[in-house]
Amino acid sequence: MPAPIRLRELIRTIRTARTQAEEREMIQKECAAIRSSFREEDNTYRCRNVAKLLYMHMLGYPAHFGQLECLKLIASQKFTDKRIGYLGAMLLLDERQDVHLLMTNCIKNDLNHSTQYVQGLALCTLGCMGSSEMCRDLAGEVEKLLKTSNSYLRKKAALCAVHVIRKVPELMEMFLPATKNLLNEKNHGVLHTSVVLLTEMCERSPDMLAHFRKLVPQLVRILKNLIMSGYSPEHDVSGISDPFLQVRILRLLRILGRNDDDSSEAMNDILAQVATNTETSKNVGNAILYETVLTIMDIKSESGLRVLAINILGRFLLNNDKNIRYVALTSLLKTVQTDHNAVQRHRSTIVDCLKDLDVSIKRRAMELSFALVNGNNVRGMMKELLYFLDSCEPEFKADCASGIFLAAEKYAPSKRWHIDTIMRVLTTAGSYVRDDAVPNLIQLITNSVEMHAYTVQRLYKAILGDYSQQPLVQVASWCIGEYGDLLVSGQCEEEEPIQVTEDEVLDILESVLISNMSASVTRGYALTAIMKLSTRFTCTVNRIKKVVSIYGSSIDVELQQRAVEYNALFKKYDHMRPALLERMPVMEKVTTNGPAEIVQTNGETETAVLETKPPPSGLQPANQANDLLDLLGGSDITPVIPTAPTSKPATAGGELLDLLGDLNLTGIPSITAYNKNGLKIDFTFERSNTNPSVTVITIQASNSTELEMTDFVFQAAVPKTFQLQLLSPSSSVIPAFNSGTITQVIKVLNPQKQQLRMRIKLTYNHKGSAMQDLAEVNNFPPQSWQ
Amino acid sequence: YYRYASLYFCCAIEDQDNELITLEIIHRYVELLDKYFGSVCELDIIFNFEKAYFILDEFLLGGEVQETSKKNVLKAIEQADLLQEVSTSNFSGLSVSMV
C-alpha cells in the first residue's frame, strides 16, 4: 500500500475544500486510509498517521480510534514517536477513557529515562492529564525528580507535584521534605514553580500554612531583589523584571498573611514599595499593582496601606484600557463592604462608568453604585441611576429598577420624593419592574396618608397617556379605586389640582379593561377598582352596575367570578356594600429582603381578590366584640376586631421582627398593666419611625403560680378616637413559676394624640376552673402616645 | 483574550486568578511563537500545529507558567527538535543525552 500522505499535504488538501461536505469527504477518505494502516501495524508511518489524526481531531471530527495507537507510539523508542504519542495522549485521552491507565507503565519508564527531554515529556503529560490512580502510582517518581540537580527537570517536577496534590490531596505530605530548599533557587523557572507548589500546599492545608509562615521574610527578600536589581534581559518584560514571579510571590504572601498579624506586618513595607515604585504605563505594571491591591485587601494591613490600595483602584478607573477598568470595578465591589468611606471618594468616577459603552463595565458600575448609596448622596445618585435606567439595555432594567426601589425605601429623604421616584421608575421602565414590586408600592402608598391625593393625581395623569405598562396600570387602578373621591374633588396640596369628572375616571378604567394590552391580572385590578368607586362616586353608580354586569359573562374565569360576586353585591347585599368597600386601613410594614427573594405579604395585602375577604371575616368577631361591649357597659368605647387568625402564627413572629426592624427603640418605660392572682401582664412600647401616630405595644403575660394557665385569651378595648389592632399571640399557655411568657402585639393608631386608655379582659383556665377578669389600664407613660 | 490582527488568543481562568497577568501570559506565548517561527503568521500555526503545542508545553504545565525566561524556553525547544532530527536520521533507538 502506498506511503500515507504527509501531514502538510493533508492540511493543504483539506484547506482547499470549498464546502463542508467536500471537507467531510476528504476526511473520511483519509480516516479510512489511516485505519487500514493502523490495522497493518505499520511502525514506520504510525507517527505521521497519528499526527494527521490529531489535526482532524482539532477540526472536530471523531478520532477515538487513534487512542491505542498513541500508546504504541509512547512505547516506541524513537523520540519523534514519543513526542507525537504524548501529544496525542494529552489531546485525545482523559480520565474517562479506560485506556489511559495503560500509559502508567510507559510514563514510569520514561520518568527514569536517560534523556531529560523524554523525562520532560513524561512529566508534562502526567501533569496535564494524570488521573488520581496514575498520580498515586507515580507520585514517588515525581518526588525523586523534585530533588534532582537538573533544574530543567526540577521545575517540571514541581508543577507535576502541584497536579498530583490537586488530584490526591493526601499525598501532600510526601512532597514536604523536598520543599525545604526550594526558595534558595537562583533559577527563576524553578523558583517560580516552587512558589506555585508552595501556594497550592498552603491553600489546601492549614497545617502547611502554619508551617510555611516562617518563609515570609525570605519571600520578602526575594521580591525586594527583583525590584531593586538591575536590568536582566532574560526575564524582563517592558522594563519590569520577571513580572510573573512577582505576581506569584505576591499571591503566596497574600495567603500567608491572611488572618496573621505578624506576617502581615512583615509585608507592609514591601507592599508599599511595590505599590509606589511600579511603572503603570503598560499592562504589566498594572498587573503587578492589581495583585498588590488584592494582597493588601486580604491581609491585615494598616489603614494607610488600604487607602493607598483603593486609590490605586481609583486610578485604574480613569485608565483608558477597559480591561483595567473592569478589573478595578470588580475589586471595588469586593471591598466596598469593608472600606466604605474610602470607596465613597471615588463615587463620581464610578458613576461616570455608568455611561461606558461596554456592557460588563456598566453592570459592575451599576452594582457598585447601589452599594454606595447612602443617606447623604441619595438624591444625586438617584438622578444618575434614573438616567441610567432610561438609557440602559433591557437586561439591566429589571435589576436596576429593583435596586432603585430598595435604595429609595431605605434612604428616601421625604415621602413626596419617594413617590416621585417610584413614579419615574414606573413610567420609564414600567414593563420590566418585577411583579412583587406592585404590592410593595401599593402598601407604601397606603402608608403615606397625606400623599394620597397627590399620588392618585399623578398616577391618573400617567395612565391617561399610555396604559401599556402593566405594573404602572396595576398600581394606578388600585389607587384610583381607593382614592377616586380625592381625585374627583380636586383636593391636592402638592400640585395644581386637575379637574376630573367621575365619567372620565370611569372611561380610563374601562379602556384598561377592554384593551388587548392588559394582562389578566391588570384587568382584575381595574374591575375591582371600578367596584370600589361605586361607593366613592355619587352620580355614576348605574354606569358602574352596567360595566360590572357585562363582565359577568366574560371568558376569563377570574374576571367572571369577580363580576358575578360584585353583581350579587349590588343586588342582594346592597346594604353591606359601603362597609365592604371601605378604605383600606394602614397596612403593616413588610420589609423586603432583596429583589431575588419572595416578599412575605400580610394576608390583607395580597392580590385584590382577597380584598373583599377580610371585611366579611371581620363580621364574625363583631359578635364577640358586641359581647365585650355588653360586659364593659361603656358607651364611649368602640369594640376592637382582632385580626382573623388566618394569618399564620408563624408569620406573627416574623412580622414582629420586621416591625422591630424599623421601629424606634427609644427608652419608653414599660409598665405593668395588670398583676393579680399570680398573673402579671407587662406592656412594653415602641414608636414607629415612619408613622408617628402608631404605637406598638408588646404584652408579656407571665405566671408565678405553681400551675400553668391554659386557654389564655387577651382582649382589649380603647376609646373611639383610637384604632386598635391585635395580632395573634405566641401561644395560649402560660407555664408556671415564671418559666415562660406569652407575647402578643397590639398596634394602636392614635392620630389625634390623645391620652391612651385601655380596658382589658382576660380569660384563662387555672387549677381546673375557668377564670376571667376585667381591668382598666391608665398608667400609660406620656411618651407612648404623645 | 488578546487580538492579533485576524487571530484571537483566548484563555480560560479561574475566578481567583489575576486577569491582567493572564493577558501577559498570552502575550509572552505569542512572542515565543514569533521568535521560533520568525515573524509568525496564521499559516505557520496551521501547518505546524504540533510545534505550537510543543512550545506551549515548554512554557506552561498543568495550567501554570513553568519558565519565565524566553531564552530558556526557546533553547529547550531547539534541543528537543535537534534530538528529533537526530533520531529520525539515525532511524534507530536514541541514547543521546543532552543536558
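Key figures
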item: Boolean, A:Glu41 is out of contact with any Phe, Trp or Tyr (no Cβ under 6 Å at 6 or more places or on another chain), within 11 Å of chain B (Cβ to nearest Cβ), free of Cβ contacts under 8 Å to residues at least 40 places away in the same chain and surrounded by fewer than 13 Cβ atoms within 10 Å (Cβ to Cβ); result: no
item: All helices (runs of 4 or more DSSP H) inside segment A:198-313 with 1 or more residues being open to solvent by 50 Å² or more (accessible area, probe 1.4 Å); result: A:206-212, A:216-228, A:261-277, A:283-298
item: Positions within segment A:145-159 being of a type in the set (Lys, Arg) and open to solvent by 20 Å² or more (accessible area, probe 1.4 Å), in sequence order; result: A:Lys147, A:Arg154
item: Residue match in segment A:177-189 (condition: of a type in the set (Val, Ile, Thr) and over 41 Å from the mean Cα position of the chain (by Cα)); result: yes
item: Members of segment A:314-329 that are open to solvent by 30 Å² or more (accessible area, probe 1.4 Å) and part of a helix (DSSP H, G or I); result: A:Arg315, A:Lys322, A:Asn323, A:Arg325, A:Tyr326
item: Members of segment A:169-198 found to be modelled with pLDDT of 80 or more and among the β-branched types (Val, Ile, Thr), listed by number; result: A:Val190, A:Thr193, A:Val195, A:Val196
item: Those residues of segment A:75-116 which are open to solvent by less than 20 Å² (accessible area, probe 1.4 Å), within 14 Å of chain B (Cβ to nearest Cβ) and either among the aromatic types (Phe, Trp, Tyr) or more than 20 Å from A:Ala158 (Cα to Cα) (or both), in sequence order; result: A:Phe79, A:Thr80, A:Asp81, A:Lys82, A:Arg83, A:Ile84, A:Gly85, A:Tyr86, A:Leu87, A:Gly88, A:Ala89, A:Leu92
item: Residues (modelled with pLDDT of 80 or more and open to solvent by less than 10 Å² (accessible area, probe 1.4 Å)) located in segment A:336-352; result: A:Ile350
item: Among residues of segment A:740-786, those that are aliphatic (A, V, I, L, M) and in a loop (DSSP other than H, G, I, E, B), counted; result: 1
item: Sole exception among (1) under 40 Å from the mean Cα position of the chain (by Cα); (2) among the aromatic types (Phe, Trp, Tyr); (3) in a loop (DSSP other than H, G, I, E, B) for A:Phe737, by number; result: (1)
item: A:Thr330, sole failed condition from (1) within 14 Å of chain B (Cβ to nearest Cβ); (2) modelled with pLDDT of 80 or more; (3) over 22 Å from the mean Cα position of the chain (by Cα); result: (3)
item: Any hit, segment A:12-21, residues being crowded, with 17+ Cβ neighbours inside 10 Å, more than 19 Å from B:Gln84 (Cα to Cα), within 12 Å of another protein chain (Cβ to nearest Cβ) and of a type in the set (A, V, I, L, M); result: yes
item: Any hit, segment A:133-144, residues being under 28 Å from B:Ala80 (Cβ atoms), open to solvent by 40 Å² or more (accessible area, probe 1.4 Å) and facing chain B (nearest Cβ under 9 Å); result: no
item: Cross-chain or 6+ apart pairs with Cβ under 9 Å, segment A:539-561 first and within 22 Å of A:Val500 (Cα to Cα) and touching a residue at least 60 places away in the same chain (Cβ under 8 Å), then among the hydrophobic types (A, V, I, L, M, F, W, C) and open to solvent by 30 Å² or more (accessible area, probe 1.4 Å); result: none
item: Residue list for segment A:160-197, filter: open to solvent by less than 40 Å² (accessible area, probe 1.4 Å), under 14 Å from A:Ala139 (Cβ atoms) and among the hydrophobic types (A, V, I, L, M, F, W, C); result: A:Cys160, A:Ala161, A:Val162, A:Val164, A:Ile165, A:Val168, A:Leu171, A:Met172, A:Phe175, A:Ala178, A:Leu197
item: Given (1) open to solvent by 60 Å² or more (accessible area, probe 1.4 Å); (2) in a helix (DSSP H, G or I); (3) of a type outside the set (Asp, Glu), index of the condition A:Ser549 fails; result: (1)
item: Which listed residue, of B:Leu60, B:Leu56, B:Leu32, is more than 7 Å from chain A (Cβ to nearest Cβ), modelled with pLDDT of 85 or more and open to solvent by less than 40 Å² (accessible area, probe 1.4 Å); result: B:Leu32
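Results for (1) in contact with a helix residue (DSSP H, G or I) (Cβ under 7 Å, 6 or more places away or on another chain); (2) part of a helix (DSSP H, G or I), shown as yes or no for each residue.
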site: A:Asn374; (1), (2): yes, no
site: A:Leu385; (1), (2): yes, yes
site: A:Ala408; (1), (2): yes, yes
site: A:Thr421; (1), (2): yes, yes
site: A:Thr427; (1), (2): yes, yes
site: A:Asp435; (1), (2): no, no
site: A:Pro439; (1), (2): yes, yes
site: A:Ile442; (1), (2): yes, yes
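For (1) closer than 17 Å to B:Ile77 by Cβ; (2) at pLDDT below 85; (3) crowded, with 17+ Cβ neighbours inside 10 Å, each residue gets a yes or a no:
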residue: B:Ala12; (1), (2), (3): no, no, no
residue: B:Leu23; (1), (2), (3): no, no, yes
residue: B:Val40; (1), (2), (3): yes, yes, yes
residue: B:Ala52; (1), (2), (3): yes, no, yes
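The values are calculated or read from the model by the stated rules, or taken from the named source; none is laboratory data. Just so it is clear, the model here is predicted, and its values are computed rather than measured. Counting neighbours? That spans all protein chains shown, and the Cβs are built from the backbone with ideal geometry, glycine included. What goes into the accessible areas is simple: the full protein's heavy atoms, side chains included, and nothing from ligands, DNA or RNA. Shrake-Rupley method; radii C 1.70, N 1.55, O 1.52, S 1.80 Å.
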